[in-house]
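Shown next, in structure tokens, is the structure this report addresses.
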Amino acid sequence: MSSVPARGEGWSAESSLIRPYSLTGGRTRPSRTDFSMTSQVVAVPVVERLEVDAELELILSVCARPVSVAEVASYSGFPLGVLRVLLADLLDQGLVMVHTSDWERRRPDARTLRSVLERIREL
């Protein structure tokens, strides 16, 4: 779990369109929403080797050092939606830690941003 796979060695959606569905058990949304594309993810060190699916092993190997969710998607080759579901599963199992900046937690919601945009257009 210590090396990041080289480009092109990750999972490939081209081999099967059914595969992402089976990886997530049909889920399209992660079980939690407390991380975003820029959140930093790192695998929790374990003493003994875990028995996990090859896809989760790939994600854990990419997360051997802190990386963003977007970087994990890029290195692993998983579609972002599938990756977010799988990362949420790993987070729920305590196998990864996620750090989200305070700015992301305090940023304005979509309604506030639309309101500001409307006011700017009125000028």
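Determine whether L91 is closer than 14 Å to S36 by Cα, out of contact with any helix residue (DSSP H, G or I) (no Cβ under 8 Å at 6 or more places or on another chain) and surrounded by 13 or more Cβ atoms within 10 Å (Cβ to Cβ).
Against the criterion (closer than 14 Å to S36 by Cα, out of contact with any helix residue (DSSP H, G or I) (no Cβ under 8 Å at 6 or more places or on another chain) and surrounded by 13 or more Cβ atoms within 10 Å (Cβ to Cβ)), L91 qualifies.
Which ones in the stretch 65-80 are of a type in the set (G, A, S), surrounded by fewer than 21 Cβ atoms within 10 Å (Cβ to Cβ) and free of Cβ contacts under 8 Å to residues at least 60 places away in the same chain? Give the steps one after another, and end with the answer.
Start the filter on the stretch 65-80 by keeping residues that are of a type in the set (G, A, S), which leaves 68, 70, 73-74, 76-77.
Next, from what is left, pick out any that are surrounded by fewer than 21 Cβ atoms within 10 Å (Cβ to Cβ): 68, 70, 74, 77.
Matches in the stretch 65-80: S68, A70, S74.
Which residue out of E14, E57 is among the acidic types (D, E) and modelled with pLDDT under 70? Working first, answer last.
On the way: E57 fails: modelled with pLDDT under 70.
Sole residue among the options that is among the acidic types (D, E) and modelled with pLDDT under 70: E14.
Report yes if some residue within the stretch 21-32 is at pLDDT below 85, at positive phi and among the small types (G, A, S); otherwise report no.
Filtering the stretch 21-32 down to residues at pLDDT below 85 leaves 21-32.
Those left that are additionally at positive phi: 25-26.
The next check asks that each one be among the small types (G, A, S); those that pass are 25-26.
So far as the stretch 21-32 goes, yes, one or more of its residues are at pLDDT below 85, at positive phi and among the small types (G, A, S).
Going through the stretch 39-64 one residue at a time, which ones are surrounded by fewer than 16 Cβ atoms within 10 Å (Cβ to Cβ), in a loop (DSSP other than H, G, I, E, B) and free of Cβ contacts under 8 Å to residues at least 60 places away in the same chain?
V44, P45, V46, V47, E48, R49, L50, E51, V52, D53
For the stretch 69-99, give me each residue that is modelled with pLDDT of 85 or more, part of a helix (DSSP H, G or I) and of a type in the set (G, A, S).
Scanning the stretch 69-99 gives A70, A73, S74, S76, A88.
Restricted to the stretch 100-123, and to residues that are within 22 Å of V69 (Cα to Cα) and surrounded by 11 or more Cβ atoms within 10 Å (Cβ to Cβ), which residue is modelled with the highest pLDDT?
Across the stretch 100-123, the extreme among qualifying residues is T100.
If I ask for residues that are in contact (Cβ under 8 Å) with a residue 24 or more places away in the chain, of a type outside the set (V, I, T) and closer than 16 Å to M37 by Cβ, which ones from the stretch 94-123 would you list?
The answer is H99, S101, E104.
The values are calculated or read from the model by the stated rules, or taken from the named source; none is laboratory data. If you're wondering where the values come from, they're calculated on a predicted model, not measured in any experiment. Backbone-built Cβ (ideal geometry, glycine too); neighbour counts: all protein chains shown.
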